[in-house]
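Participant: Sharing a structure below in structure tokens format, with a few things to ask.
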């Protein structure tokens, strides 16, 4: 972790370690997290679940669903910094939406723009370095097409151990999306 003017920057190695470090989910977790609630003066339904990884670090698994546009949703994993309680989104599985990766646009990368497609945001050092949210980088995906599917993908990507399932399935962050490899550079 690097501090630049009091701002904490996570390195790509730290980000990957946090994403891939196993974490155990409590029994009945999915039913709890799928119970979305509207917050006061909000256009979204939300839920959160606190979890710890095998190294004792704290995280929030969160869901957000637009009340007006069913395709606008997110399932994400945020790391909670010890002491300060500040959170950093590490992964966010989003529904259909537009997104632009400005670094990839400047470098002429073919996948710099996503139009009305599901996509996965992942924290990178380089986007923090230019003042964007850590998880600004995104790559299009075909892993899911609804909020529950996004949650299932997130759980697999984050190496969560689900006590309610016994298949032991996890997914590699780089399995089917070559763009992820470019995103970590």
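Participant: Once a ≥ b ≥ c are taken as the square roots of the eigenvalues of the Cα gyration tensor of segment 13-160, is the result rounded (a/c under 1.5), prolate (a/b larger than b/c) or oblate (a/b not larger than b/c)?
Facilitator: oblate
Participant: Quote the relative contact order of the chain in percent (integer), defining contacts as alpha-carbon pairs under 8 Å separated by 6+ residues.
Facilitator: 19
Participant: While we're looking at this one, here's another question. Name the most mobile residue of 17, 71, 53, meaning the one with the largest mean-square fluctuation, in a Gaussian network model of the chain with Cα contacts below 10 Å.
Facilitator: Looking only at 17, 71, 53, the largest GNM fluctuation is found for 17.
Participant: Additional query: Would you mind classifying segment 87-165 by shape? Square roots of the alpha carbon gyration tensor eigenvalues, ordered a ≥ b ≥ c; an a/c under 1.5 is rounded, otherwise it is prolate if a/b is larger than b/c and oblate if not.
Facilitator: Oblate.
Participant: Right, next: Would you calculate, for the chain, the mean residue ellipticity at 222 nm contributed by helices, counting each DSSP H stretch of 4 or more residues as -39,500 (n - 2.57) and dividing by all residues, to the nearest 500?
Facilitator: -5500 deg cm²/dmol
Participant: Of the candidates 122, 143, 35, which one comes out as most mobile in a Gaussian network treatment of the chain with C-alpha springs shorter than 10 Å?
Facilitator: Maximum fluctuation in the GNM of the chain, among the listed residues, is at 35.
Participant: Residue 111 versus residue 35, label points 7 Å from Cα toward the beta carbon: distance in nm?
Facilitator: Once both label points are built, they end up 3.8 nm from each other.
Participant: Say we join alpha carbon atoms closer than 10 Å with springs in a Gaussian network model of the chain; which of 165, 100, 46 then has the biggest fluctuation?
Facilitator: Looking only at 165, 100, 46, the largest GNM fluctuation is found for 165.
Participant: Right, something else. Determine, from the Cβ-Cβ distance of residue 60 and residue 129 and an R0 of 22 Å, the FRET efficiency 1/(1 + (r/R0)^6), rounded to the nearest 0.05.
Facilitator: 0.35
Participant: Could I ask something else about it? Could you list 33, 69 so that the one with the fewest beta carbons within 10 Å of its beta carbon is first and the one with the most is last?
Facilitator: Least to most surrounded, the residues fall as 69, 33.
Only the coordinates and a few stated rules stand behind these numbers; no lab work does. Quick caveat, the model's predicted, so the values are computed rather than measured. Methodologically, a virtual Cβ is constructed for each residue, glycine included, from the backbone with ideal geometry; neighbour enumeration extends over all protein chains shown.
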